[in-house]
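Note sheet for the following structure.
Nothing in this text is a laboratory measurement; each read-out follows from the coordinates by a stated rule. In this text the structure is predicted, and so the values were computed from the model without any measurement. All Cβ positions, even for glycine, are placed from backbone atoms using ideal geometry, and neighbour counts span all protein chains on display.
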C-alpha cells in the first residue's frame, strides 16, 4: 500500500467536504450540489480507508452502504455510520439531474452532519501520522 495514494484520496475527500461547507455561504444555497459534495467526500474517505487497509483498487461503486460494509470487515466502528451512509448514498446520483429529488435546507444540514460523522470514524490521524512517519524515514 502506498501511503501517498491513500493521502490523495483523503485530500480529495477533504476538498469535497470543504467545498460543501463553502457553498453553504451562497444565496440561494445550491442544496443539491452541497449534498452531492457531502456524498462524494464520504465515498472518498471510505475508499481511502479501504486502500489503507490493503484493498489496492476500491470497488468502482457509489453505494456508501456497500463501502461501509467493506470497511466494517476491518473495523467494527464503521457500523456506527450505517445510517449516515444510507442517507448520503441517495445524494450521489439523484441531485445531479433536474426533478430527481426534492432537497430542503434540513436535508443539507443533515448531509453535512453525516459527512462529518463519516470523516470522524475514519482513523485519519493514524493514517496521516504513518504518512508523516514514512516521509521522515525517506530522508534517513
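Could you list, ordered by first residue, the pairs with Cβ atoms under 7 Å in which the first is in region 66-91 and in contact (Cβ under 8 Å) with a residue 24 or more places away in the chain and on the phi > 0 side of the Ramachandran plot and the second is exposed (fewer than 14 other Cβ atoms within 10 Å of the Cβ) and assigned to a loop (DSSP other than H, G, I, E, B), at least 6 apart or interchain?
Note: no pairs meet the criteria.
Tell me which helices (runs of 4 or more DSSP H) are completely within region 1-118 and hold 2 or more residues being in contact with a helix residue (DSSP H, G or I) (Cβ under 9 Å, 6 or more places away or on another chain) and closer than 29 Å to residue 133 by Cα, or say none if there are none. Before you say what the answer is, go through the steps one by one.
Values: elements: 3-23, 31-52, 64-72, 82-89.
Where helices (runs of 4 or more DSSP H) fall fully within region 1-118 and carry at least 2 residues being in contact with a helix residue (DSSP H, G or I) (Cβ under 9 Å, 6 or more places away or on another chain) and closer than 29 Å to residue 133 by Cα, they are 3-23, 31-52, 64-72.
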